1. Can you pull out the residues in the range 7-32 that are under 10 Å from the mean Cα position of the chain (by Cα) and either assigned to a loop (DSSP other than H, G, I, E, B) or modelled with pLDDT under 95 (or both)?
2. Would you point out which residue out of Pro32, Pro65, Pro53 is open to solvent by 40 Å² or more (accessible area, probe 1.4 Å), over 11 Å from Ile12 (Cα atoms), touching a residue at least 12 places away in the same chain (Cβ under 8 Å) and not β-branched (Val, Ile, Thr)?
3. If I go through the range 10-23 residue by residue, how many of them are within 12 Å of Trp63 (Cβ to Cβ), open to solvent by 40 Å² or more (accessible area, probe 1.4 Å) and either hydrophobic (A, V, I, L, M, F, W, C) or free of Cβ contacts under 8 Å to residues at least 12 places away in the same chain (or both)?
4. If you go through the range 37-55 one residue at a time, do you hit one that is at pLDDT 95 or above, touching a helix residue (DSSP H, G or I) at 6+ places or on another chain (Cβ under 7 Å) and among the charged types (D, E, K, R)?
5. Is there a residue being open to solvent by less than 60 Å² (accessible area, probe 1.4 Å) and β-branched (Val, Ile, Thr) anywhere in the range 35-49?
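The values are calculated or read from the model by the stated rules, or taken from the named source; none is laboratory data. Being a predicted model, the structure only gives us computed values, none of them experimental. A quick note on method: Cβ atoms are made from the backbone with ideal geometry, for glycine too, and the neighbour counts reach across all protein chains shown. The area values use the complete protein model at the heavy-atom level, side chains included, leaving out ligands, DNA and RNA. Shrake-Rupley method; radii C 1.70, N 1.55, O 1.52, S 1.80 Å.
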Amino acid sequence: VEDARAFGAKDIYLFTMHAADFWRHIGFRDHPLDRWRPEVRVNWQYIFCSTFPEAARDVKAMWMPA
């Protein structure tokens, strides 16, 4: 998070399967894929989760402002 802020990121996104409570504790929120900014939708994890939602059903998409 500190590195993202230092490099000027506006938003920080992540995917998790088993650590959502940890990430919520440090400020991340559940964030549906359709609300992700277009410029970050090019990463392979986003593409996979949005293309195969049944395969990624246990994956939580999360976000926090930088």
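1. Taking the range 7-32 as the starting set, the residues that turn out to be under 10 Å from the mean Cα position of the chain (by Cα) are 11-16, 28-32.
Once the filter is applied, which keeps residues that are under 10 Å from the mean Cα position of the chain (by Cα) and either assigned to a loop (DSSP other than H, G, I, E, B) or modelled with pLDDT under 95 (or both), the range 7-32 yields Phe28, His31, Pro32.
2. On the way: Pro65 fails: over 11 Å from Ile12 (Cα atoms); Pro53 fails: touching a residue at least 12 places away in the same chain (Cβ under 8 Å).
Going through Pro32, Pro65, Pro53 in turn, the sole match is Pro32.
3. Of the residues in the range 10-23, 2 are within 12 Å of Trp63 (Cβ to Cβ), open to solvent by 40 Å² or more (accessible area, probe 1.4 Å) and either hydrophobic (A, V, I, L, M, F, W, C) or free of Cβ contacts under 8 Å to residues at least 12 places away in the same chain (or both).
4. no
5. So in the range 35-49, the residues open to solvent by less than 60 Å² (accessible area, probe 1.4 Å) come out as 36, 40, 43, 46, 49.
Those still in the list that are β-branched (Val, Ile, Thr) too: 40.
Within the range 35-49 (the criterion being open to solvent by less than 60 Å² (accessible area, probe 1.4 Å) and β-branched (Val, Ile, Thr)), the answer is yes, since at least one residue qualifies.
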